[in-house]
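The structure appears right after this line, and notes come after that.
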Amino acid sequence: LQIDIQTLSKTYPLYLGNGLIEKLPSIIESVKSNLSSVLIITDSAVDSYYGEAVVKAIETKFKVAKYVVPSGEHAKSFQHYYDCQTFALEQQLDRNALVIAFGGGVVGDLAGFVAATYMRGISFIQVPTTLLAHDSAVGGKVAINHELGKNMIGAFYQPEAVVYDIDLLKTLPEREWRSGFAEVIKHAFIHDEAFYEWLQQNIQSLTDLQDEKLIYAIQNGILVKASVVKEDETEAGVRAHLNFGHTLGHAIEAECGYGQISHGEGVAIGMLFAMKVSNVLEKSQFSVDDIAKWFEKFGYKTSVPNHLSAEKLLVRMKADKKSKSSNVHMVLLEGIGKPFVQQVEDEVILKLLNEELKA
Ligand code: NAD
Ligand code: ZN
């Protein structure tokens, strides 16, 4: 299955299916001529499962080196970024080298930023290995973290191709399935009512995400992301809709301490909250309780963890980098597939948060 990802700066293919690792050498050949050598950047977990197989596949045709960073968000640090560049220089990679980002969103963001900046930019390919990476591998946002904020140092830099081999997802821990699936649901909510209905009818647990249904779900999630990116590569307008569920989601992640609650689990609570806000502002009539019941089947928490404080969450929501002033701007929905951005009064947010915290 091939999807063309169109952006202003370029169009590139995304391949989705089984057994694609073996096809990597021919895919590389088709997207990049005059290739000198390949640098695989991966993390320790992905490396332990698939490192050897990928190196073996690629070295049938190209000179290849591999650099392994620790698994987890911490790899998106200046230190690991610097170490990747040092390794690339020691390997004498030149401007015709190609970076393969082989891992989840963390490796995609890190390796993409390494590629964007090494010798003013060399080619790279995304080979995502998590469900969440159906989101992060499309769109060309690459970044590392700064002590003062997540994803603060980065670039818009598109890959030459995305190669999404769903066989690699078999080893993904349940927690990561749950985190990634929230973004699949998000894509349906913001853009595609028919896809949302398909999900509701066909996916009742994470174990329903087996090959055929999994490919359909990922494909449609990617199509939504791709269409948003096509319209708005650098985030002036509709790209903001991707932030649905994230204003509160990010605040919960930060208040709980990163790693305590996964990104997708925070987003799941945030999406339900955004629908409540939409209802209260009389923009919509969602049956939030029914949607929450469906969410529970996947093991999501459906309300704000009750050890958190509404006031502190509000402060975080205001600090969210996507809100332009001291007011909270949220992505709300008029209905499935009908997002809009609106400023929401503090009182409305505090009242709804406190209701959840008391329940
Ligand atoms: P991740 O890359 O840390 O992967 C999650 C965990 O799963 C890690 O421990 C990893 O080692 C492990 N893992 C990965 N693939 C595996 C596999 N096939 N089998 C077993 N274990 C595997 O996290 P993620 O959720 O994929 O991505 C989160 C990151 O993505 C965040 O840093 C976030 O900022 C970024 N992100 C970026 C964008 C974007 O547009 N660039 C969008 C969304 C998220
Ligand atoms: Zn997200």
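The values are calculated or read from the model by the stated rules, or taken from the named source; none is laboratory data. Just so it is clear, the structure is predicted and the values come from calculations on it, not from any experiment. Because the Cβ atoms are built from the backbone with ideal geometry, glycine has one as well, and the counts that use them run over all protein chains shown.
Just to be sure I understand the filter: pairs with C-beta atoms under 6 Å, separated by 6 or more residues or on different chains, first member in region 50-78 and in the same structural domain as VAL106 (by TED's automatic domain parsing) and crowded, with 18+ Cβ neighbours inside 10 Å, second member polar (S, T, N, Q) and part of a helix (DSSP H, G or I). Which pairs pass?
From region 50-78, the pairs are VAL68/SER44; SER71/SER44.
Quick one: how many residues across region 257-278 are more than 18 Å from PHE298 (Cα to Cα), over 17 Å from the mean Cα position of the chain (by Cα) and at pLDDT below 95?
So the first thing to find is which residues in region 257-278 are more than 18 Å from PHE298 (Cα to Cα), and the list is 257-259, 274-278.
Those left that are additionally over 17 Å from the mean Cα position of the chain (by Cα): 257, 274-278.
With at pLDDT below 95 added as a condition, the list becomes 257.
Residues that pass the stated criteria total 1.
Could you pull out every one of the helices (runs of 4 or more DSSP H) wholly within region 1-100 that has 3 or more residues that are touching a strand residue (DSSP E or B) at 6+ places or on another chain (Cβ under 8 Å) and closer than 16 Å to VAL142 by Cα?
Working: elements: 24-31, 52-59, 78-90.
So the answer is 78-90.
Okay, residues lined up against (1) within 16 Å of ligand 2 (Cβ to nearest atom); (2) farther than 19 Å from GLU29 by Cβ; (3) under 19 Å from the mean Cα position of the chain (by Cα):
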{"position": "ILE58", "(1), (2), (3)": "no, no, no"}
{"position": "LYS66", "(1), (2), (3)": "no, yes, no"}
{"position": "SER71", "(1), (2), (3)": "no, yes, yes"}
{"position": "GLU90", "(1), (2), (3)": "no, yes, no"}
{"position": "ASP94", "(1), (2), (3)": "no, no, no"}
{"position": "MET119", "(1), (2), (3)": "no, yes, no"}
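Can you name every residue in region 258-314 that is more than 16 Å from ligand 2 (Cβ to nearest atom), touching a residue at least 24 places away in the same chain (Cβ under 8 Å) and β-branched (Val, Ile, Thr)?
Result: VAL277, VAL280, THR302, VAL304.
Cβ-Cβ under 7 Å, sequence separation 6+ or interchain: first residue in region 152-172 and of a type in the set (Phe, Trp, Tyr), partner in a strand (DSSP E or B). Which pairs?
From residues that are of a type in the set (Phe, Trp, Tyr), the pairs are PHE156/LYS141; TYR157/VAL142; TYR164/LEU14; TYR164/TYR15; TYR164/LEU16; TYR164/PRO128.
If we keep just the residues of region 131-151 that are more than 10 Å from ligand 1 (Cβ to nearest atom) and touching a residue at least 60 places away in the same chain (Cβ under 8 Å), which is farthest from ALA319 (Cα to Cα)? So that I can check it myself, show each step before the final result.
Filtering region 131-151 for residues more than 10 Å from ligand 1 (Cβ to nearest atom) gives 146-149.
Then drop every residue that is not touching a residue at least 60 places away in the same chain (Cβ under 8 Å), which leaves 146, 149.
Values: HIS146: 15, GLY149: 10 Å.
Here the answer is HIS146.
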